[in-house]
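In what follows, a single structure is set out as structure tokens and then discussed.
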Amino acid sequence: MKARFTAALAALLFSAISIVPAAAQTRRETDADGRPVATEGSSRAGRTRGGRQPAAPSPEQIRASAQEQAALANTNCQVSEAKLLGTTAGNTSVYEIACAAGPGFILETKIPPTATSCILLAYSAETLRARDPAADPGPQCTIAANADTQKFLREYAVQAGVACTVDQVKVLGQSTDGAVMYEAGCSDGAGFWLKQLNNAWTKIPCIQVLAENGTCDFTTTAENAAFVKAYFAGSEAASCDVTEARLMGRNANGVFYEAKCANGDGVIARLNAENIVQQVYPCATAQQIGGGCKLTTPSAAAPAPTGGRP
């Protein structure tokens, strides 16, 4: 294989942000004489000269500030709802935002601001808690519009060009080049791995993932067989009722698939760049093609001819 998409994936884990909740910063308490007293999250610098806490920002002000930070973070998010979660020890503010289209983010007003997708935060929290149920994953998205992460993941699959009916998607982790990897499963066919890098998408069929020693939890052997059988339509290999298939590899002449047929025979097919079958080799005579057939049992394949090229 020329490119390997299924190299070891690292878990996407985010350090928990320690924040003082916004509510704690704006809460006012008084002593027995009615004078303001310091509460959690308050400081001398945060109070007015008269000893009063500054007024809490309005929802409109919070959304305007969050929109500014979202733009600086290059999120392409038109903020539809925003929540001020609090401030950090570094005196940065932390917001949760929902977007008019696509998943929301947790924003921190660093220079430049950082934006972490609600989808990836949920994945990180799930991974951390699987390792340690008591782990603190930090702020999570709670705005109702951000709750349905599967909806956003299915939208990712559409953006990546997956044409099937997507019914399951999950985050896989991060590849060595910094791309975020996802797996998408289909209710009507084989699934894909999806690679997102610099806002560009690449889709990798699960049959290729398996050839590169990866795994696809949402795709069955039968679905991969149907994926290859569709390529065989109208070719010499069309008579093979494919029950199992594998991607063998590719070279300058094309890409090679092995297919096991329902009658016990098998074939190797060479396809061109347009996935059109160019040549078919019966397993019985294909020992020299990429090491021969692996899915057809020796008893089902006839002995190889002696002498000459197959």
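Where a number appears in this text, it was derived from the coordinates with a stated rule and is not lab data. Everything quoted here is computed from the prediction, not taken from an experiment. Note that each Cβ is placed from the backbone with ideal geometry, even for glycine, and that neighbours are counted across all protein chains shown.
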Simple spin-label estimate for Ser80/Asn263, 7 Å along Cα→Cβ, in nm, reads 5.6
In this structure, among Lys83/Lys195; Lys203/Lys294; Lys151/Lys294; Lys151/Lys229; Lys203/Lys229, pairs with alpha-carbon gaps over 28 Å are Lys83/Lys195; Lys151/Lys294; Lys151/Lys229
Across 5 Å bins beginning at 0, the whole-percent shares of Cα-Cα pair distances in the range 221-285 come to 4, 21, 34, 27, 11, 2, 0
In whole µm²/s, the translational diffusion coefficient that Stokes-Einstein assigns to the range 148-211, given a Kirkwood hydrodynamic radius over C-alpha pairs, 37 °C and 0.692 mPa s, equals 282
Relative contact order in percent for the range 72-111 (Cα pairs under 8 Å, 6+ apart) equals 35
Sorted by chain and then number, the residues having a modelled amide H within less than 5 Å of the amide H of Leu172, at least 5 places away or on another chain, are Met181, Tyr182, Glu183
